[in-house]
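Some notes on the structure that comes next.
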Amino acid sequence: MKIALMDSGIGLLAATAEVRRLRPDADLVLSLDPDGMPWGPRTPEDLTGRALAVAEAAAAHRPDALIVGCNTATVHALTALRARLEPDLPVIGTVPAIKPAAAGGGPLAIWATPATTGSPYQKDLIQDFADGVAVAEVPCWGLAEAVERADERAIDAAVAAAAALTPKDVTAVVLGCTHYELVAERIRAAVQRPACPPIALYGSAGAVAAQALRRIGERPAPGAPAGGTLTVLLSGREGALPTSALTYAEGRLLRQVTTTG
């Protein structure tokens, strides 16, 4: 079994770690785009072109499924990716976990990139899955970029700024960008209020990894031998995980000899 994941940068690490946890025997192909990152400021057309190139580089390694480990790319490029690659290669997008978060009754906050916050895409998700629940949309200026660089001071500043915009009565926070899952506990600590119940955090990595297995008719087997290989593609070129990835537990989990797949 071979699972590919794509993103402009290391935001795909959270979903990759979940795939590795569910199927340690699966070969992994990580397709990043250091030449074109960040994707967020790009026009939808430009982003889609970059995403298609990264996806096709992964597809050349003949994976069984491709996970789009990026919320922004899912919003703008998922339709084009599926039109290009399916049905031969199942493509799984990443959607913010608004539905399970709203099931708790709220109030909740959605931390997302400024481009996603207030977008019709996010508004539609809120209307579809959180109708009747108090939802605060929180723009996280610079957080994804700081996580990508593993810039500790910038991460702290961005998390603090977003926490200041988060209503004090929220009981749950949706992590609406895959990068944020890499610093989830720092986010929890920033929004937790003294003498209040623990804040619930909702990411997408676990659900996305499970969906990828379902799409190819496989089941979780966390006890399988950890023999899966790792191939890293950097704008189509074979390489190694970025150094910043090793700052995070999810990246260190994948630290092993990079193969040619």
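Laid out as a table, the results:
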item: Computed [θ] at 222 nm, deg cm²/dmol, the chain (DSSP H ≥ 4; -39,500 (n - 2.57); rounded to nearest 500); result: -11500 deg cm²/dmol
item: Set of lysines with alpha-carbon distance to residue 168 below 23 Å, sequence-local pairs under 8 removed; result: 99, 123
item: Accessible area in square angstrom per residue, the chain, 1.4 angstrom probe; result: 43
item: Angle in degrees between helix 44-59 and the longest Cα principal axis of the chain, rounded to the nearest 10; result: 40
item: Spatial extent of segment 116-261: Rg and Dmax, with the Cα atoms as the point set, Å; result: 18.0, 52
item: With every protein chain in place, the chain: carbon and sulfur % of accessible area (1.4 Å); result: 55
item: Ordering of 9-21, 111-123 by packing [mean C-beta count within 10 Å, highest first]; result: 9-21, 111-123
item: Cα-only radius of gyration and Dmax that characterise segment 163-249, units Å; result: 17.5, 51
item: Calculated from backbone phi, Karplus (6.51, -1.76, 1.60) coupling profile of segment 198-208 in Hz, x at Gly/Pro; result: x, 5, 8, 10, 10, x, 10, 4, x, 5, 5
item: Mean separation of Cα contacts under 8 Å, 6 or more apart, over the residue count of the chain: relative contact order %; result: 28
item: Dimensionless Rg over Rh [the chain; C-alpha; Kirkwood]; result: 0.95
item: Unit charges on C-beta of K, R, D, E only; dipole of segment 198-261, Debye; result: 80
item: Nearest-ten-degree value, helix 120-129 long axis tilted from longest Cα axis of the chain; result: 70
item: Relative contact order of segment 49-152, pairs being alpha-carbon contacts under 8 Å that are 6 or more residues apart, as %; result: 23
item: Label-point gap, in nm, between residue 237 and residue 214 - each point 7 angstrom along Cα→Cβ; result: 3.9
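The values are calculated or read from the model by the stated rules, or taken from the named source; none is laboratory data. Just so it is clear, the structure is predicted and the values come from calculations on it, not from any experiment. So basically every Cβ, Gly included, is an ideal-geometry build from the backbone, and we count neighbours across all protein chains shown. When the accessible area is computed, the model is the full protein with side chains, heavy atoms only, and any ligands, DNA or RNA have been set aside. Shrake-Rupley method; radii C 1.70, N 1.55, O 1.52, S 1.80 Å.
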